Amino acid sequence: MGNNTIKGISTITLHTASHENDNFSHTTPIYATSTFTFGSAQEGMERFKGEDKTRLYSRWGNPTFTAAEKTIEALEARGLTNKNGTPLEVKALLHASGQAAMSTLFFSNLSAGDCLISHYSLYGGSQELMQKVLNEAGVKVILIDIHNEALLLETIQANPNTKLIHLETPANPTLQCVDIEAVCKIAHAHGIKVSVDNTVATPYLQQPFALGADFVFHSATKFLNGHGSALHGVLLGKDLELMHTKVWKWHVLLGGNSNAFDAYLLIQGMKTLELRMEKHCSNAKKVATYLQQHPAIAHVNYTGFTTHPHHTIANKQMKQHAPLISFELKGGIEAGKKFIDAVEICTRAVSLGTVDTLVSHPASMTHMSIPKTEREKYGITDGLIRMSVGIENIEDLEADLAQALAKAQL
Ligand SMILES: *Cc1c(COP(=O)(O)O)cnc(C)c1O
């Protein structure tokens, strides 16, 4: 049975990787090797000439990486077809981290003199990569309120060298959402490609290729791995020719390859993606509702609430609402600190998408390097607390929140 006939997310994540395996091992082997052997000079020459460069040198590819890549390809292309009705094929490249995958994305699509358009409220590392590294490399980076279509059009017209529009939706930590389909229509009408950071939604909730995206990016460190056991990034593209040539070339020359052990951890983690996401999402809805009615809370950002400014966009493009929320206490930053210190079940840590609930403070942690005046423009205030809702039993989570909020009010 080929991947194209598999319909369900769990079937994909349980069975795709097992095809990359020659020795009847039930789980995907960890190919801990830097290089691969040839039987003869002739065989070596043929393998170097071939399409499949995964059995030459591990910076170029490795069977354990391939197993992870094939699984993510199947997830992102699941149920999608080309214009002529044939199943959509996409190519994934596994990297050492999200940042490494994003570097390959930007450097293979942009060179000095080109322009990149993106929006506010991005992951801190993405914004820094744009403003500190790309800017120095001569790429013009423009961050705008991309919900304003007239402004987007105006920006494109004023910058005819725009090659890429990068979206992050939902965006961490205020859960702002961008209408992927609407932006793709405008971009494509001007010959511009669109990349989408799908880290927070995962292919369980949202498939950007269905909405017109040219590239999909993941920090697979988060929900795809799910257990916080390793860092990984993945870049997927639907222009196979481009992915196998220019993008692949930048990937192997920048050297941001993954390693076999981390790829194995990712494959194992993804097996329960669907089960985890169902529980993450249902817990997040309950936690957000609980917090919303609590007298100590000023406001909660959760796309499932009709009061969230992008509730309609989220409903349009996501299957359910993402399990990431942020909130502010009425007591501001001081109450927030007390709350973070008082939690007993929730884990105090940055990152997101792990099986346990994580709480962090964006202003002093993930978004520390973004100037205060700038982050406040898009809602990252000093008192904002971010919560990546885990899969704990909901009674225990609510009890922990209740006791921590009581202490925060003292
Ligand atoms: C974590 C994260 C990244 C960066 O990924 P790393 O794996 O930490 O390099 C990019 N985008 C989003 C939305 C993230 O949450």
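The values are calculated or read from the model by the stated rules, or taken from the named source; none is laboratory data. Being a predicted model, the structure only gives us computed values, none of them experimental. For neighbour counting, all protein chains shown are included, and Cβ atoms are generated from backbone atoms with ideal geometry for every residue, glycine included. Remember, those area values only see protein heavy atoms, side chains included, never the ligands or the DNA or RNA. Shrake-Rupley method; radii C 1.70, N 1.55, O 1.52, S 1.80 Å.
Which one of these is assigned to a helix (DSSP H, G or I) and more than 16 Å from the ligand (Cβ to nearest atom): 344, 328, 398?
Testing whether each residue is assigned to a helix (DSSP H, G or I) and more than 16 Å from the ligand (Cβ to nearest atom) leaves just 398.
Within region 375-382, can one find any residue that is in contact (Cβ under 8 Å) with a residue 40 or more places away in the chain, under 18 Å from residue 226 (Cα atoms) and of a type in the set (S, T, N, Q)?
Checking region 375-382: not a single residue is in contact (Cβ under 8 Å) with a residue 40 or more places away in the chain, under 18 Å from residue 226 (Cα atoms) and of a type in the set (S, T, N, Q).
Taking the options 369, 360, 388, name whichever one is farther than 20 Å from residue 293 by Cβ, exposed (fewer than 14 other Cβ atoms within 10 Å of the Cβ) and not β-branched (Val, Ile, Thr).
369
This table checks each residue for (1) assigned to a loop (DSSP other than H, G, I, E, B); (2) hydroxyl-bearing (Ser, Thr, Tyr).
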position	(1), (2)
13	no, yes
23	yes, no
27	yes, yes
30	yes, no
33	yes, yes
38	yes, no
47	no, no
52	yes, no
55	yes, no
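Does residue 228 fit the bill of being within 16 Å of the ligand (Cβ to nearest atom), more than 18 Å from residue 163 (Cα to Cα) and touching a helix residue (DSSP H, G or I) at 6+ places or on another chain (Cβ under 8 Å)? Walk me through how you get there before you give the answer.
On the way: within 16 Å of the ligand (Cβ to nearest atom): yes; more than 18 Å from residue 163 (Cα to Cα): yes; touching a helix residue (DSSP H, G or I) at 6+ places or on another chain (Cβ under 8 Å): no.
Answer is no for this residue.
Conditions: (1) within 30 Å of residue 66 (Cα to Cα); (2) without any contact (Cβ under 8 Å) to a residue 40 or more places away in the chain; (3) part of a helix (DSSP H, G or I). Residue 103 meets all but one. Number of the miss?
(2)
From 85, 113, which residue is surrounded by fewer than 23 Cβ atoms within 10 Å (Cβ to Cβ), modelled with pLDDT of 95 or more and not assigned by TED's automatic domain parsing to the domain that holds residue 326?
Criteria check complete, one pass: 113.
Looking only at region 336-354, filter to residues that are open to solvent by 40 Å² or more (accessible area, probe 1.4 Å) and of a type in the set (A, V, I, L, M, F, W, C); which one of those is farthest from residue 199 (Cα to Cα)?
345
So that you can scan it fast, the table gives a plain yes or no per residue for (1) in contact with a Cys (Cβ under 9 Å, 6 or more places away or on another chain); (2) surrounded by 23 or more Cβ atoms within 10 Å (Cβ to Cβ); (3) within 20 Å of residue 211 (Cβ to Cβ); (4) not assigned by TED's automatic domain parsing to the domain that holds residue 165:
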site: 57; (1), (2), (3), (4): no, no, no, no
site: 61; (1), (2), (3), (4): no, yes, no, no
site: 68; (1), (2), (3), (4): no, yes, no, no
site: 75; (1), (2), (3), (4): no, yes, yes, no
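Determine which member of the set 303, 312 is of a type in the set (Ser, Thr, Tyr) and buried (at least 22 other Cβ atoms within 10 Å of the Cβ).
Being of a type in the set (Ser, Thr, Tyr) and buried (at least 22 other Cβ atoms within 10 Å of the Cβ) holds for just one of 303, 312, which is 303.
Quick check on region 289-296. Is at least one of its residues away from the ligand (no atom under 16 Å from the Cβ), in contact with a strand residue (DSSP E or B) (Cβ under 8 Å, 6 or more places away or on another chain), within 24 Å of residue 169 (Cβ to Cβ) and open to solvent by less than 50 Å² (accessible area, probe 1.4 Å)?
Step one: filter region 289-296 for residues away from the ligand (no atom under 16 Å from the Cβ), giving 289-296.
Right, trim to in contact with a strand residue (DSSP E or B) (Cβ under 8 Å, 6 or more places away or on another chain) and you get 291-292, 296.
If we keep only those that are within 24 Å of residue 169 (Cβ to Cβ) as well, we get 291-292.
Checking the rest, the ones that are also open to solvent by less than 50 Å² (accessible area, probe 1.4 Å) come to 291.
Within region 289-296, one or more residues are away from the ligand (no atom under 16 Å from the Cβ), in contact with a strand residue (DSSP E or B) (Cβ under 8 Å, 6 or more places away or on another chain), within 24 Å of residue 169 (Cβ to Cβ) and open to solvent by less than 50 Å² (accessible area, probe 1.4 Å).
Does residue 95 satisfy the criteria of being of a type outside the set (Lys, Arg), buried (at least 18 other Cβ atoms within 10 Å of the Cβ), closer than 26 Å to residue 225 by Cα and within 16 Å of the ligand (Cβ to nearest atom)?
Here the answer is yes, as residue 95 does meet what is asked.
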